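What follows is one structure encoded as C-alpha coordinates, with my remarks underneath.
The values are calculated or read from the model by the stated rules, or taken from the named source; none is laboratory data. Here the structure is a predicted model, which means the values were calculated and not measured. Because the Cβ atoms are built from the backbone with ideal geometry, glycine has one as well, and the counts that use them run over all protein chains shown. Surface accessibility is based on the protein's heavy atoms, side chains included, excluding ligands, DNA and RNA. Shrake-Rupley method; radii C 1.70, N 1.55, O 1.52, S 1.80 Å.
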Amino acid sequence: MPPRQQDSIFMDVDSDSDVSILGDGDGDYSRTKGKGKGKATDKRKKDKGKAKAKDQAYTWEASYTRSWDTVQEDEAGSLQGAVEDWMARGRRRRLLAPAAAIRRTIIRHLILLLDLSASMMDRDMRPTRFDLSLQYAREFITEWFDQNPLGQIGVVGMRAGIGERIGEMSGNPQDVLKSIADRHKLEPTGEPSLQNAIEMARSSMSHLPTHSSREILVIFGSLTTCDPGNIHDTLDACVKNKIRISVVALAAEMKICRELCDKTGGQFGVAMNEGHFKDILFESVPPPAQRAVSRAAGPGTANPAADLMMMGFPTRLPDTSPPSLCVCHSEMKSEGFLCPRCMAKVCDVPTDCDICGLMIVSSPHLARSYHHLFPVKPYQAVSSLEDMPDPATGCHACARIFPTTPSTAAATEGMSPLGRYRCTDCHNDFCTDCDVFVHDVIHCCPGCGK
(Lines give C-alpha, C1' and ligand atoms only; values in the text may rest on other atoms or scores of the structure.)
Protein backbone atom coordinates (compact mmCIF):
# COMPACT_ATOMS: atom_id res chain seq x y z
CA MET A 1 0.00 0.00 0.00
CA PRO A 2 1.58 3.29 -1.01
CA PRO A 3 2.16 5.82 1.73
CA ARG A 4 -0.41 8.56 2.24
CA GLN A 5 0.48 11.83 0.66
CA GLN A 6 0.12 14.88 2.90
CA ASP A 7 -0.64 18.28 1.64
CA SER A 8 1.97 20.95 2.43
CA ILE A 9 -0.56 23.10 4.24
CA PHE A 10 -1.17 20.50 6.98
CA MET A 11 1.00 19.62 9.96
CA ASP A 12 1.08 16.60 12.27
CA VAL A 13 0.08 17.20 15.88
CA ASP A 14 -0.07 14.83 18.79
CA SER A 15 -3.25 13.88 20.55
CA ASP A 16 -2.76 16.30 23.46
CA SER A 17 -2.37 19.40 21.34
CA ASP A 18 -5.02 22.09 21.30
CA VAL A 19 -3.78 23.64 18.09
CA SER A 20 -6.46 24.01 15.44
CA ILE A 21 -5.39 22.83 11.99
CA LEU A 22 -7.10 24.64 9.15
CA GLY A 23 -7.63 22.89 5.84
CA ASP A 24 -9.53 23.09 2.61
CA GLY A 25 -13.00 21.68 2.06
CA ASP A 26 -13.49 18.09 3.13
CA GLY A 27 -9.84 17.53 3.98
CA ASP A 28 -10.05 19.59 7.21
CA TYR A 29 -8.01 17.78 9.82
CA SER A 30 -8.65 20.37 12.56
CA ARG A 31 -9.83 19.02 15.88
CA THR A 32 -12.99 20.25 17.51
CA LYS A 33 -11.47 20.25 21.02
CA GLY A 34 -9.99 23.72 20.78
CA LYS A 35 -12.04 25.06 17.91
CA GLY A 36 -13.57 28.45 18.70
CA LYS A 37 -12.09 28.45 22.17
CA GLY A 38 -8.78 29.86 21.06
CA LYS A 39 -10.40 32.59 19.00
CA ALA A 40 -12.68 33.64 21.86
CA THR A 41 -9.82 33.60 24.34
CA ASP A 42 -7.62 35.73 22.09
CA LYS A 43 -10.45 38.17 21.56
CA ARG A 44 -11.12 38.49 25.28
CA LYS A 45 -7.42 39.05 25.96
CA LYS A 46 -7.24 41.69 23.25
CA ASP A 47 -10.33 43.51 24.57
CA LYS A 48 -9.02 43.26 28.11
CA GLY A 49 -5.69 44.70 27.07
CA LYS A 50 -7.37 47.62 25.32
CA ALA A 51 -9.51 48.39 28.37
CA LYS A 52 -6.51 48.16 30.66
CA ALA A 53 -4.47 50.48 28.49
CA LYS A 54 -7.36 52.93 28.39
CA ASP A 55 -8.02 52.91 32.15
CA GLN A 56 -4.45 52.84 33.45
CA ALA A 57 -2.81 55.80 31.76
CA TYR A 58 0.33 57.35 33.11
CA THR A 59 -0.25 59.83 35.91
CA TRP A 60 1.72 62.55 34.19
CA GLU A 61 -0.57 62.24 31.18
CA ALA A 62 -3.49 63.44 33.28
CA SER A 63 -2.23 67.02 33.14
CA TYR A 64 -2.26 66.90 29.33
CA THR A 65 -5.52 65.02 28.81
CA ARG A 66 -7.99 67.33 27.09
CA SER A 67 -6.05 70.37 28.28
CA TRP A 68 -7.87 72.47 25.69
CA ASP A 69 -11.03 72.20 27.77
CA THR A 70 -9.54 74.53 30.39
CA VAL A 71 -9.38 77.41 27.86
CA GLN A 72 -12.77 78.55 26.62
CA GLU A 73 -13.14 80.79 23.59
CA ASP A 74 -15.78 83.46 23.36
CA GLU A 75 -18.27 83.91 20.53
CA ALA A 76 -15.71 85.72 18.39
CA GLY A 77 -13.13 82.97 18.86
CA SER A 78 -10.89 85.06 21.14
CA LEU A 79 -9.04 83.86 24.23
CA GLN A 80 -9.29 87.24 25.94
CA GLY A 81 -12.05 85.96 28.20
CA ALA A 82 -9.85 83.12 29.50
CA VAL A 83 -7.04 85.58 30.28
CA GLU A 84 -9.44 87.90 32.10
CA ASP A 85 -10.76 84.99 34.17
CA TRP A 86 -7.23 84.11 35.20
CA MET A 87 -6.55 87.71 36.25
CA ALA A 88 -9.89 87.85 38.05
CA ARG A 89 -8.91 84.88 40.19
CA GLY A 90 -5.75 86.71 41.20
CA ARG A 91 -7.70 89.86 42.03
CA ARG A 92 -10.21 87.93 44.13
CA ARG A 93 -7.35 86.30 46.00
CA ARG A 94 -5.99 89.75 46.85
CA LEU A 95 -9.44 90.99 47.88
CA LEU A 96 -9.73 88.13 50.36
CA ALA A 97 -6.51 89.23 52.04
CA PRO A 98 -6.97 91.34 55.18
CA ALA A 99 -6.87 95.05 54.42
CA ALA A 100 -5.69 96.11 57.87
CA ALA A 101 -2.03 96.08 58.78
CA ILE A 102 -0.89 92.78 60.31
CA ARG A 103 2.11 92.40 62.54
CA ARG A 104 4.66 90.29 60.70
CA THR A 105 8.25 89.30 61.24
CA ILE A 106 10.44 90.83 58.54
CA ILE A 107 13.67 89.21 59.77
CA ARG A 108 13.19 85.55 58.96
CA HIS A 109 15.29 82.42 59.30
CA LEU A 110 14.12 79.42 57.28
CA ILE A 111 15.44 75.86 57.03
CA LEU A 112 14.36 74.04 53.86
CA LEU A 113 14.08 70.27 54.40
CA LEU A 114 14.31 68.29 51.15
CA ASP A 115 13.19 64.67 50.98
CA LEU A 116 16.02 62.76 49.27
CA SER A 117 14.61 59.28 49.83
CA ALA A 118 14.00 56.63 47.15
CA SER A 119 10.32 57.61 46.94
CA MET A 120 11.33 60.90 45.29
CA MET A 121 12.22 58.97 42.12
CA ASP A 122 8.55 58.26 41.41
CA ARG A 123 7.32 59.61 38.09
CA ASP A 124 3.85 60.72 39.07
CA MET A 125 5.19 64.27 38.61
CA ARG A 126 7.25 64.94 35.52
CA PRO A 127 10.07 64.25 35.10
CA THR A 128 10.38 62.90 38.66
CA ARG A 129 9.43 64.19 42.08
CA PHE A 130 13.10 64.82 42.80
CA ASP A 131 13.82 66.87 39.69
CA LEU A 132 10.62 68.87 40.00
CA SER A 133 11.30 69.57 43.69
CA LEU A 134 14.79 70.85 42.90
CA GLN A 135 13.43 73.10 40.15
CA TYR A 136 10.71 74.57 42.36
CA ALA A 137 13.14 74.89 45.28
CA ARG A 138 15.43 77.08 43.17
CA GLU A 139 12.52 79.25 42.09
CA PHE A 140 11.26 79.43 45.66
CA ILE A 141 14.64 80.53 47.02
CA THR A 142 14.92 83.28 44.42
CA GLU A 143 11.41 84.58 45.10
CA TRP A 144 11.82 84.22 48.87
CA PHE A 145 14.94 86.40 48.96
CA ASP A 146 13.30 88.94 46.66
CA GLN A 147 10.37 89.31 49.06
CA ASN A 148 12.41 88.87 52.28
CA PRO A 149 15.79 90.55 51.73
CA LEU A 150 16.57 90.52 55.47
CA GLY A 151 16.08 86.74 55.81
CA GLN A 152 18.40 83.77 55.73
CA ILE A 153 17.91 80.22 54.39
CA GLY A 154 19.62 76.91 55.16
CA VAL A 155 19.11 73.56 53.41
CA VAL A 156 18.93 70.11 55.05
CA GLY A 157 18.38 66.80 53.25
CA MET A 158 16.66 63.62 54.43
CA ARG A 159 18.01 60.33 53.11
CA ALA A 160 19.29 56.96 54.35
CA GLY A 161 17.61 57.52 57.72
CA ILE A 162 19.70 60.57 58.69
CA GLY A 163 19.62 64.33 58.29
CA GLU A 164 22.31 65.75 56.04
CA ARG A 165 23.32 69.41 56.06
CA ILE A 166 23.42 70.55 52.43
CA GLY A 167 23.76 74.33 52.81
CA GLU A 168 24.62 76.51 55.79
CA MET A 169 22.35 79.33 56.88
CA SER A 170 23.08 82.26 54.58
CA GLY A 171 21.57 85.56 53.54
CA ASN A 172 23.10 85.40 50.06
CA PRO A 173 20.78 83.70 47.55
CA GLN A 174 23.69 82.71 45.32
CA ASP A 175 25.28 80.66 48.11
CA VAL A 176 22.00 78.87 48.80
CA LEU A 177 21.39 78.15 45.11
CA LYS A 178 24.94 76.87 44.74
CA SER A 179 24.39 74.32 47.51
CA ILE A 180 21.57 72.60 45.57
CA ALA A 181 22.99 73.14 42.09
CA ASP A 182 24.81 69.78 41.85
CA ARG A 183 22.16 67.14 41.24
CA HIS A 184 24.54 64.17 41.58
CA LYS A 185 25.42 65.07 45.17
CA LEU A 186 21.73 64.99 46.08
CA GLU A 187 20.90 61.61 44.56
CA PRO A 188 17.92 60.09 46.46
CA THR A 189 18.49 56.88 48.41
CA GLY A 190 17.06 55.00 51.39
CA GLU A 191 14.31 56.15 53.72
CA PRO A 192 13.76 59.66 55.15
CA SER A 193 13.91 60.60 58.82
CA LEU A 194 11.76 63.52 59.86
CA GLN A 195 12.99 63.50 63.44
CA ASN A 196 16.70 63.61 62.58
CA ALA A 197 16.21 66.36 60.03
CA ILE A 198 14.03 68.50 62.30
CA GLU A 199 16.48 68.05 65.19
CA MET A 200 19.34 69.22 62.95
CA ALA A 201 17.32 72.24 61.82
CA ARG A 202 16.27 73.04 65.39
CA SER A 203 19.86 72.93 66.68
CA SER A 204 21.01 75.29 63.92
CA MET A 205 18.40 77.88 64.96
CA SER A 206 18.84 77.64 68.73
CA HIS A 207 21.15 80.67 68.87
CA LEU A 208 18.90 83.03 66.92
CA PRO A 209 17.49 86.13 68.64
CA THR A 210 13.89 86.33 69.76
CA HIS A 211 12.91 89.12 67.34
CA SER A 212 13.47 86.88 64.30
CA SER A 213 11.19 84.10 63.12
CA ARG A 214 12.26 80.46 63.11
CA GLU A 215 10.67 78.43 60.35
CA ILE A 216 11.05 74.98 58.83
CA LEU A 217 9.62 74.14 55.40
CA VAL A 218 9.47 70.43 54.55
CA ILE A 219 9.07 69.02 51.03
CA PHE A 220 8.07 65.43 51.82
CA GLY A 221 7.38 62.75 49.24
CA SER A 222 7.45 59.57 51.30
CA LEU A 223 4.73 57.79 53.24
CA THR A 224 7.10 56.57 55.98
CA THR A 225 9.68 58.07 58.29
CA CYS A 226 12.54 56.17 59.94
CA ASP A 227 13.06 57.85 63.33
CA PRO A 228 15.41 56.77 66.12
CA GLY A 229 13.16 58.03 68.93
CA ASN A 230 9.80 59.54 69.72
CA ILE A 231 9.09 62.27 67.19
CA HIS A 232 6.45 63.76 69.49
CA ASP A 233 9.26 64.81 71.85
CA THR A 234 10.83 66.68 68.95
CA LEU A 235 7.46 68.28 68.24
CA ASP A 236 7.16 69.48 71.83
CA ALA A 237 10.67 70.94 71.64
CA CYS A 238 9.75 72.85 68.47
CA VAL A 239 6.64 74.26 70.13
CA LYS A 240 8.73 75.33 73.13
CA ASN A 241 11.33 77.01 70.90
CA LYS A 242 8.58 78.72 68.82
CA ILE A 243 9.63 77.04 65.57
CA ARG A 244 6.99 77.11 62.85
CA ILE A 245 6.86 73.98 60.67
CA SER A 246 5.13 73.84 57.28
CA VAL A 247 4.88 70.68 55.17
CA VAL A 248 4.26 70.22 51.45
CA ALA A 249 3.38 66.55 50.89
CA LEU A 250 3.77 65.02 47.44
CA ALA A 251 2.22 61.60 48.14
CA ALA A 252 -0.63 61.77 50.68
CA GLU A 253 -1.52 63.23 54.04
CA MET A 254 0.25 61.75 57.09
CA LYS A 255 -1.05 62.26 60.59
CA ILE A 256 2.34 63.21 62.03
CA CYS A 257 2.84 65.85 59.30
CA ARG A 258 -0.57 67.32 60.06
CA GLU A 259 0.25 67.46 63.78
CA LEU A 260 3.60 69.12 63.12
CA CYS A 261 1.85 71.94 61.23
CA ASP A 262 -1.18 72.32 63.51
CA LYS A 263 0.72 72.47 66.80
CA THR A 264 3.43 74.83 65.54
CA GLY A 265 1.12 77.13 63.54
CA GLY A 266 2.39 76.16 60.12
CA GLN A 267 0.66 75.31 56.84
CA PHE A 268 0.03 71.84 55.47
CA GLY A 269 -0.86 70.92 51.92
CA VAL A 270 -0.90 67.90 49.62
CA ALA A 271 0.14 68.58 46.03
CA MET A 272 -2.39 67.28 43.50
CA ASN A 273 -0.33 68.16 40.42
CA GLU A 274 2.67 70.19 39.36
CA GLY A 275 0.85 73.55 39.37
CA HIS A 276 -0.73 72.96 42.76
CA PHE A 277 2.66 71.90 44.13
CA LYS A 278 4.14 75.26 43.15
CA ASP A 279 1.17 77.20 44.52
CA ILE A 280 1.27 75.68 48.01
CA LEU A 281 5.06 75.92 48.09
CA PHE A 282 5.03 79.63 47.28
CA GLU A 283 2.46 80.29 49.99
CA SER A 284 5.41 80.30 52.40
CA VAL A 285 7.06 83.27 50.65
CA PRO A 286 5.19 86.05 52.56
CA PRO A 287 6.25 86.33 56.20
CA PRO A 288 3.84 84.71 58.67
CA ALA A 289 1.69 86.84 60.92
CA GLN A 290 2.66 86.86 64.57
CA ARG A 291 0.25 85.04 66.80
CA ALA A 292 -1.14 86.70 69.90
CA VAL A 293 -0.18 85.22 73.25
CA SER A 294 -2.44 84.71 76.25
CA ARG A 295 -2.34 87.26 79.02
CA ALA A 296 -1.08 86.03 82.34
CA ALA A 297 -3.07 88.51 84.41
CA GLY A 298 -6.47 88.09 82.82
CA PRO A 299 -8.51 86.74 79.95
CA GLY A 300 -7.98 87.65 76.32
CA THR A 301 -4.93 87.86 74.17
CA ALA A 302 -2.17 90.39 73.74
CA ASN A 303 0.49 90.94 71.14
CA PRO A 304 4.11 90.33 72.11
CA ALA A 305 6.07 93.35 73.25
CA ALA A 306 7.95 95.27 70.59
CA ASP A 307 11.73 95.28 70.91
CA LEU A 308 14.06 97.87 69.47
CA MET A 309 16.74 96.42 67.20
CA MET A 310 20.18 97.87 66.59
CA MET A 311 21.19 97.88 62.94
CA GLY A 312 24.14 99.28 61.07
CA PHE A 313 24.19 100.71 57.56
CA PRO A 314 27.56 99.88 55.99
CA THR A 315 29.77 101.77 53.59
CA ARG A 316 30.16 100.10 50.24
CA LEU A 317 33.66 99.79 48.82
CA PRO A 318 34.06 100.12 45.02
CA ASP A 319 35.90 97.65 42.80
CA THR A 320 38.82 100.07 42.45
CA SER A 321 39.58 100.11 46.19
CA PRO A 322 42.80 98.39 47.34
CA PRO A 323 42.36 94.72 48.28
CA SER A 324 41.90 93.93 51.94
CA LEU A 325 41.06 90.90 54.07
CA CYS A 326 37.39 90.12 54.66
CA VAL A 327 36.33 88.73 58.04
CA CYS A 328 33.77 86.28 56.62
CA HIS A 329 35.96 84.25 54.24
CA SER A 330 39.50 85.45 55.13
CA GLU A 331 40.15 86.32 51.48
CA MET A 332 41.69 89.35 49.82
CA LYS A 333 38.98 91.26 47.95
CA SER A 334 38.53 94.78 46.64
CA GLU A 335 34.76 95.18 46.82
CA GLY A 336 32.77 94.72 50.01
CA PHE A 337 31.07 96.54 52.88
CA LEU A 338 32.54 98.16 55.97
CA CYS A 339 30.87 97.68 59.36
CA PRO A 340 29.99 101.12 60.79
CA ARG A 341 30.92 100.05 64.31
CA CYS A 342 34.23 98.18 64.05
CA MET A 343 35.11 98.96 60.39
CA ALA A 344 35.47 95.25 59.60
CA LYS A 345 35.01 94.23 55.98
CA VAL A 346 32.23 91.82 54.97
CA CYS A 347 31.41 90.52 51.49
CA ASP A 348 27.60 90.68 51.41
CA VAL A 349 24.70 92.23 53.27
CA PRO A 350 22.44 91.61 55.11
CA THR A 351 24.56 89.72 57.61
CA ASP A 352 25.84 89.84 61.17
CA CYS A 353 29.33 91.22 61.71
CA ASP A 354 31.70 88.44 62.78
CA ILE A 355 33.70 90.87 64.93
CA CYS A 356 31.17 92.95 66.87
CA GLY A 357 27.94 91.05 66.14
CA LEU A 358 26.10 94.08 64.72
CA MET A 359 23.37 93.34 62.19
CA ILE A 360 24.43 94.99 58.94
CA VAL A 361 21.68 95.85 56.42
CA SER A 362 21.27 98.24 53.53
CA SER A 363 18.51 100.81 53.42
CA PRO A 364 16.94 99.41 50.19
CA HIS A 365 16.66 95.98 51.84
CA LEU A 366 14.97 97.49 54.85
CA ALA A 367 12.57 99.53 52.73
CA ARG A 368 11.62 96.54 50.58
CA SER A 369 10.68 94.55 53.66
CA TYR A 370 8.00 97.06 54.69
CA HIS A 371 5.53 96.17 51.93
CA HIS A 372 4.49 93.10 53.93
CA LEU A 373 3.63 95.30 56.91
CA PHE A 374 1.81 97.97 54.89
CA PRO A 375 0.41 96.32 51.73
CA VAL A 376 -1.16 98.33 48.92
CA LYS A 377 -4.94 98.47 49.22
CA PRO A 378 -6.82 96.62 46.48
CA TYR A 379 -8.00 98.87 43.69
CA GLN A 380 -11.73 99.15 43.05
CA ALA A 381 -13.03 97.96 39.69
CA VAL A 382 -14.80 100.79 37.84
CA SER A 383 -18.00 99.51 36.28
CA SER A 384 -19.52 102.79 35.05
CA LEU A 385 -18.41 106.34 34.20
CA GLU A 386 -21.78 108.00 34.78
CA ASP A 387 -20.84 109.44 38.18
CA MET A 388 -17.49 110.78 36.90
CA PRO A 389 -17.72 114.28 35.35
CA ASP A 390 -14.24 114.27 33.79
CA PRO A 391 -12.77 110.76 33.68
CA ALA A 392 -9.14 110.24 32.75
CA THR A 393 -8.51 109.04 29.23
CA GLY A 394 -5.37 107.06 30.00
CA CYS A 395 -3.75 105.02 32.75
CA HIS A 396 -2.08 107.14 35.42
CA ALA A 397 1.00 104.89 35.45
CA CYS A 398 1.72 103.88 31.84
CA ALA A 399 -0.51 106.40 29.99
CA ARG A 400 -2.22 103.64 28.01
CA ILE A 401 -5.51 104.85 26.55
CA PHE A 402 -8.55 103.23 28.14
CA PRO A 403 -11.11 101.58 25.84
CA THR A 404 -14.11 103.76 25.09
CA THR A 405 -16.61 100.92 24.84
CA PRO A 406 -17.22 98.35 27.56
CA SER A 407 -16.05 94.82 27.04
CA THR A 408 -18.59 92.42 25.54
CA ALA A 409 -17.22 89.49 27.56
CA ALA A 410 -19.29 88.05 30.35
CA ALA A 411 -19.12 90.04 33.57
CA THR A 412 -16.74 88.48 36.08
CA GLU A 413 -16.48 89.32 39.74
CA GLY A 414 -13.50 91.58 40.41
CA MET A 415 -13.02 92.62 36.76
CA SER A 416 -13.88 95.98 35.27
CA PRO A 417 -15.64 95.97 31.87
CA LEU A 418 -13.97 99.33 31.18
CA GLY A 419 -10.47 98.16 32.11
CA ARG A 420 -10.23 100.77 34.89
CA TYR A 421 -9.17 100.17 38.49
CA ARG A 422 -9.21 103.09 40.92
CA CYS A 423 -7.07 103.68 44.00
CA THR A 424 -9.24 104.49 47.01
CA ASP A 425 -6.72 107.01 48.35
CA CYS A 426 -5.54 109.07 45.37
CA HIS A 427 -8.59 108.30 43.12
CA ASN A 428 -6.39 107.71 40.06
CA ASP A 429 -7.33 105.13 37.47
CA PHE A 430 -4.98 102.33 36.40
CA CYS A 431 -5.17 99.70 33.67
CA THR A 432 -5.31 95.98 34.31
CA ASP A 433 -1.59 95.35 33.73
CA CYS A 434 -0.54 98.17 36.05
CA ASP A 435 -2.96 96.95 38.71
CA VAL A 436 -1.29 93.55 38.74
CA PHE A 437 2.20 95.07 38.53
CA VAL A 438 1.58 97.44 41.46
CA HIS A 439 0.23 94.77 43.80
CA ASP A 440 2.58 91.93 42.85
CA VAL A 441 5.90 93.61 41.99
CA ILE A 442 6.51 97.17 43.20
CA HIS A 443 4.06 97.13 46.18
CA CYS A 444 3.65 100.90 45.98
CA CYS A 445 0.93 103.01 44.40
CA PRO A 446 2.41 105.45 41.83
CA GLY A 447 -0.41 107.93 42.42
CA CYS A 448 -0.22 108.42 46.19
CA GLY A 449 3.19 106.91 46.94
CA LYS A 450 1.79 104.45 49.48
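Below are the figures for this structure:
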item	result
Search result, residues across region 119-151 that are surrounded by fewer than 17 Cβ atoms within 10 Å (Cβ to Cβ) and assigned to a helix (DSSP H, G or I)	MET121, ASP131, GLN135, ARG138, GLU139, THR142, GLU143, ASP146
Lone unmet requirement of (1) modelled with pLDDT under 90; (2) surrounded by 13 or more Cβ atoms within 10 Å (Cβ to Cβ); (3) within 15 Å of the chain's Cα centre (by Cα); (4) among the small types (Gly, Ala, Ser) for ALA289	(3)
Unmet requirement for SER383, which otherwise passes all of (1) open to solvent by 50 Å² or more (accessible area, probe 1.4 Å); (2) not in a loop (DSSP other than H, G, I, E, B)	(2)
Any chance LEU95 is open to solvent by 60 Å² or more (accessible area, probe 1.4 Å), among the aliphatic types (A, V, I, L, M) and at pLDDT below 90	yes
Residue within region 386-394 that is under 30 Å from PRO287 (Cβ atoms) and either of a type in the set (Lys, Arg) or modelled with pLDDT of 85 or more (or both) present	no
Meets criteria (open to solvent by 40 Å² or more (accessible area, probe 1.4 Å) and either touching a residue at least 24 places away in the same chain (Cβ under 8 Å) or within 15 Å of MET311 (Cα to Cα) (or both)) for ARG420	no
Pair list, Cβ under 8 Å, 6 or more apart: region 259-282 residue over 23 Å from GLN135 (Cβ atoms) and part of a helix (DSSP H, G or I), other residue modelled with pLDDT of 90 or more and among the charged types (D, E, K, R)	THR264/ARG244
Among the candidates GLY163, GLY154, residue that is closer than 16 Å to GLU215 by Cβ, crowded, with 16+ Cβ neighbours inside 10 Å, touching a helix residue (DSSP H, G or I) at 6+ places or on another chain (Cβ under 9 Å) and not β-branched (Val, Ile, Thr)	GLY154
The lone exception for PRO322 - which of (1) open to solvent by 90 Å² or more (accessible area, probe 1.4 Å); (2) part of a strand (DSSP E or B) it fails	(2)
Residue in region 365-377 that is modelled with pLDDT of 90 or more, in a loop (DSSP other than H, G, I, E, B) and open to solvent by 20 Å² or more (accessible area, probe 1.4 Å) present	no
Any helices (runs of 4 or more DSSP H) falling wholly within region 168-240 and containing at least 3 residues that are exposed (fewer than 13 other Cβ atoms within 10 Å of the Cβ)	231-240
Selection status of ARG244, surrounded by fewer than 17 Cβ atoms within 10 Å (Cβ to Cβ), of a type in the set (Lys, Arg) and touching a strand residue (DSSP E or B) at 6+ places or on another chain (Cβ under 9 Å)	no
Residue match in region 339-355 (condition: surrounded by 15 or more Cβ atoms within 10 Å (Cβ to Cβ) and among the small types (Gly, Ala, Ser))	yes
Where a residue in region 376-388 is within 19 Å of CYS434 (Cβ to Cβ) and its partner, wherever it lies, is surrounded by 13 or more Cβ atoms within 10 Å (Cβ to Cβ) and among the β-branched types (Val, Ile, Thr), with Cβ under 8 Å and at least six apart	VAL376/VAL438; TYR379/VAL438
